[in-house]
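Peer 1: Here's a structure for you.
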Amino acid sequence: MKRASFQSSEGSFGSQCIRTDRDNEYFAFLRVTQKLKNASKSDNRYAMIEAASESNQLWTIIAADLAHEENGLPLATKAGLLSLAIYSLKQGRRVISECASVEPLIEINVMIMRGLRGDVHP
């Protein structure tokens, strides 16, 4: 990614760390995935709806970014990610309306996080 942002690191007085857009994407997926996992373990319907809703918000942002003309990813990569976004949004809606499993969302998010970290094994 092109830009880096400065954000204070928690727990270290006065220190800063540099986060790239890729890092920010990773941490967004990490936060949503943790919420999905926690909601799944708790059997709390409200927490499940909230986590699925946040997942849908994240995937909506990702899809909008992928569709933007200035997105520099290769077309095949964009197409694959858009396909995952559409599936994830549909599954998120099923979680909210039909009590469907969040496991597919968690698996996809973990796969995306591995890709963002360059930890992809064929």
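Peer 1: Just to verify a number: FRET efficiency for T20 and E70, C-beta to C-beta distance, R0 = 22 Å, to 0.05?
Peer 2: About 0.85, to the nearest 0.05.
Peer 1: Subtract the Cα-Cα distance of S42 and I61 from 0.36 nm times their separation in residues, and report this length gain in nm to one decimal.
Peer 2: Between S42 and I61, full extension yields 4.1 nm more.
Read-outs throughout are calculated quantities, based only on the coordinates presented, and are distinct from any laboratory measurement. Quick caveat: nothing in here was measured; it's all calculated off a predicted structure. Reconstructed Cβ throughout: ideal geometry from the backbone, glycine too, with neighbour counts over all protein chains shown.
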